[in-house]
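Student: Below is the structure I would like to discuss, written out as structure tokens.
The values are calculated or read from the model by the stated rules, or taken from the named source; none is laboratory data. Given the structure is predicted, the values throughout are model-derived calculations rather than measurements. A quick note on method: Cβ atoms are made from the backbone with ideal geometry, for glycine too, and the neighbour counts reach across all protein chains shown.
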Amino acid sequence: MAKSILLIEDDKRLADMIKEYLIEAGFDVTHAANGLDGLARHNAAPEKAVLLDLMLPDMDGLDICRKIREKNADTPILMLTARGDAMDRVVGLELGADDYLPKPFEPRELLARINAILRRSSPRENAPQDKTDVLVFGRLEIDSGARQVRLDGQEKAITGYQFDLLLALAQHAGRVLSREQIMDLTKGTQFDAFDRSIDVHISRIRHMIEDEPKHPRRIITVRGAGYVFAKSQDDKP
């Protein structure tokens, strides 16, 4: 069965190129030329991954990202951004997008990014549950088999890349990891180690798993070095 993609892009020439390339790669592609049509199509088929242009004629792409994420935390979202729009990329990641790709881009890179976010968003179906798949840190559980994060038994809505990032930190608990090491551990996701992408994702993860995100006790910033995932998290100070 073909994997389905919703493309929200007002540039018809670019949309036709993307659609043709992805269909040849085995995807089922639905195209929406504006934001309202894109939201309507997503609401009708929320299982689709979304390729979202941020510059649309009728709606701000960032608002569309927020609305999609509010309805479905699991929908993979890849933003298509104009080169140089660094703040839009940061805000998009803060709103829950999984990745971004600056224009112009190579079709092969687009395909690689799509496959990456789809892999991250897909739990292993019918995989036997093994207690070794679950990392437990006090009240926090990270289930690598089901790709779920639970705090006090309650599942948290987390994007695929954010799960990979949290799992990488947790598997190296007590060890300071630089941004470059984090990228390596998350299988070479093509974020720039010197922009704010990783920092933004960690900020969002903190809001999910920390009791006081502004005073984190699970993911600690080590200035000038990177981040460390605390082995002991729920001890009283």
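Student: If you scan region 35-68, which residues turn out to be buried (at least 19 other Cβ atoms within 10 Å of the Cβ) and either part of a strand (DSSP E or B) or of a type in the set (D, E, K, R) (or both)?
Tutor: Once the filter is applied, which keeps residues that are buried (at least 19 other Cβ atoms within 10 Å of the Cβ) and either part of a strand (DSSP E or B) or of a type in the set (D, E, K, R) (or both), region 35-68 yields 48, 49, 50, 51, 52, 53.
Student: How many residues does region 209-228 contain that are out of contact with any Phe, Trp or Tyr (no Cβ under 8 Å at 6 or more places or on another chain) and either in contact (Cβ under 8 Å) with a residue 24 or more places away in the chain or part of a strand (DSSP E or B) (or both)?
Tutor: Qualifying residue count, region 209-228: 6.
Student: Within region 81-102, restricting attention to residues that are over 14 Å from the mean Cα position of the chain (by Cα) and not in a loop (DSSP other than H, G, I, E, B), which residue is surrounded by the most Cβ atoms within 10 Å (Cβ to Cβ)?
Tutor: Filtering region 81-102 for residues that are over 14 Å from the mean Cα position of the chain (by Cα) and not in a loop (DSSP other than H, G, I, E, B), the one surrounded by the most Cβ atoms within 10 Å (Cβ to Cβ) comes out as 81.
Student: Let me ask you something else. Out of the residues in region 181-237 that are within 22 Å of residue 88 (Cα to Cα) and among the β-branched types (Val, Ile, Thr), which is modelled with the lowest pLDDT?
Tutor: That would be 189.
Student: Kindly list the number of the only condition in (1) in contact (Cβ under 8 Å) with a residue 60 or more places away in the chain; (2) in contact with an Asp or Glu (Cβ under 9 Å, 6 or more places away or on another chain); (3) outside any strand (DSSP E or B) that fails for residue 146.
Tutor: The single condition residue 146 does not satisfy is (1).
Student: Against the condition surrounded by 15 or more Cβ atoms within 10 Å (Cβ to Cβ), modelled with pLDDT under 90 and at negative phi, how does residue 142 come out, does it pass?
Tutor: Here the answer is no, as residue 142 does not meet what is asked.
Student: Taking the condition of being in contact with a His (Cβ under 9 Å, 6 or more places away or on another chain) and among the small types (Gly, Ala, Ser), how many residues in region 1-37 meet it?
Tutor: Adding up the residues that qualify gives 2.
Student: Yes or no: residue 64 touching a His at 6+ places or on another chain (Cβ under 8 Å) and either within 27 Å of residue 163 (Cα to Cα) or among the polar types (S, T, N, Q) (or both)?
Tutor: It is false that residue 64 is touching a His at 6+ places or on another chain (Cβ under 8 Å) and either within 27 Å of residue 163 (Cα to Cα) or among the polar types (S, T, N, Q) (or both).
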